[in-house]
Amino acid sequence: MRNLFPEFNKPTTKGFKKLWTQAIFVFDTNVLLSLYRIPQQAREKMISVLEELQKKNRIWIPHQVATEFYRRRPDVIHTQEKSHNEIIELLNNAEQEISKKFDAKDILRKITGSCKVIRSEIEKSKKRDCDWLKKDKIETELNKIFKNKIGMVFDGAKLNEVYKSGQERYEKEIPPGYEDNKKDKNDKTGTRKFGDLIIWFQIIEQAKIDKKPVILITDEQKEDWWWKINGTTTIGPRYELRKEIKEKAGVEFYMYQSEQFMKHAGEYLKVKFDTKLIEQVKKSKEELAQTQDGLSVSSVDNVGLSEQVKVVIDPIGGSGNSLSETKQVDDNQAEASSK
């Protein structure tokens, strides 16, 4: 019975090993842009993995991903600078509030000294990481990695086909992309909502050429990409996606979020990510999800700095910027047993 409905079942352990051995790795826009947000050490490690995959000819991105990367990149860079400034403001406010509540000079002296050190580190991080519009090392590295590894652009006629198909699919809630319907509110063309669908169709077209399995690395969490139970527990990619690409291109398909990719890269690609780095990346995503403007303490954290900031800010409430845990995508994809 399983052979008739493979899209509903996770690959076996052997199946996952085959996937990771043969697949072309596709990276979504949000993963590439996250390189501007995650800690420097994690960023450098991630780029080194991309470079290794490029050398093995196992990396590729849809044209739409590259388009969205360049369209959204300036806003992400600006947001990071804004985040640094807001963290400094939070720190200054926390220091002032604490000074009002404590009159012990020894304690206040230690707090003032700690705040001075933290501010200095944040300023260094701001100088290093927020001048990317002038000199962008990340974009330079990605430009080298994805040279000749970007798919063909869809012409006007093809895009019109996608838009027409998208209207029908979205009405029936056929994944992916239907949850982006709201994007029409701020889009005069009425077509930006089809961005995910363009990416998906471009992945399928390339898969028809490569005839190799596809692993998509994405930080999307919406239900039009992930198969979820009651909107909380994630089983894996939407089974409709696995079925569609199998029927149209004849290849297997699977998905991981960035921290899951880092975790399993150690097992399958022999690239070891430190557990602390993986946790920092996960935390950075959680903080980004909690704030509309992307304020992220992790983005300036290279040596545990975020923990120092939290120690100062948390006692006074942090103006609603608590770093509580959020529900993450299930990380048991590689736990299926061999059959």
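We did not get these values from a lab; they are worked out from the coordinates using the rules stated. Since we're looking at a predicted model, the values are computed, not measured. No Cβ is skipped: glycine too gets one built from the backbone with ideal geometry, and neighbour counts run over all protein chains shown.
The table below gives the values:
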| read-out | value |
| --- | --- |
| Computed FRET value (nearest 0.05) for residue 13 with residue 279, which takes r as the C-beta separation and R₀ as 22 Å | 0.30 |
| Unit Cα scatterers, Debye sum, the range 1-145: log10 I(q)/I(0) for q = 0.10, 0.21, 0.22 Å⁻¹ | -0.57, -1.26, -1.32 |
| Chain lengthening between residue 157 and residue 72 when straightened (0.36 nm per residue, less Cα-Cα) | 28.1 nm |
| When the convex hull of its Cα atoms is projected in every direction, mean area for the range 159-284 (nm²) | 9.4 nm² |
| Distance in nm between pseudo-label sites at residue 92 and residue 205 (7 Å out along the Cβ direction from Cα) | 5.1 nm |
| Cα gyration tensor shape for the range 99-232, rounded if a/c is under 1.5, else prolate or oblate | prolate |
| Simple label model, 7 Å out from Cα along Cβ direction - residue 268 to residue 117, nm | 4.2 nm |
| Potential extension, residue 182-residue 41 segment - 0.36 nm per residue separation minus Cα distance | 47.2 nm |
| Global form of the range 1-83, assessed from the alpha-carbon gyration tensor, a/c cut-off 1.5 | prolate |
| Length added when fully stretched, residue 106-residue 3, from 0.36 nm per residue minus Cα-Cα | 30.0 nm |
| Order of 251, 153 - criterion: other Cβ atoms within 10 Å of each residue's Cβ, fewest first | 153, 251 |
| Spin-label proximity, residue 192 to the range 5-42 - amide N less than 12 Å from point 7 Å beyond Cα toward beta carbon | none |
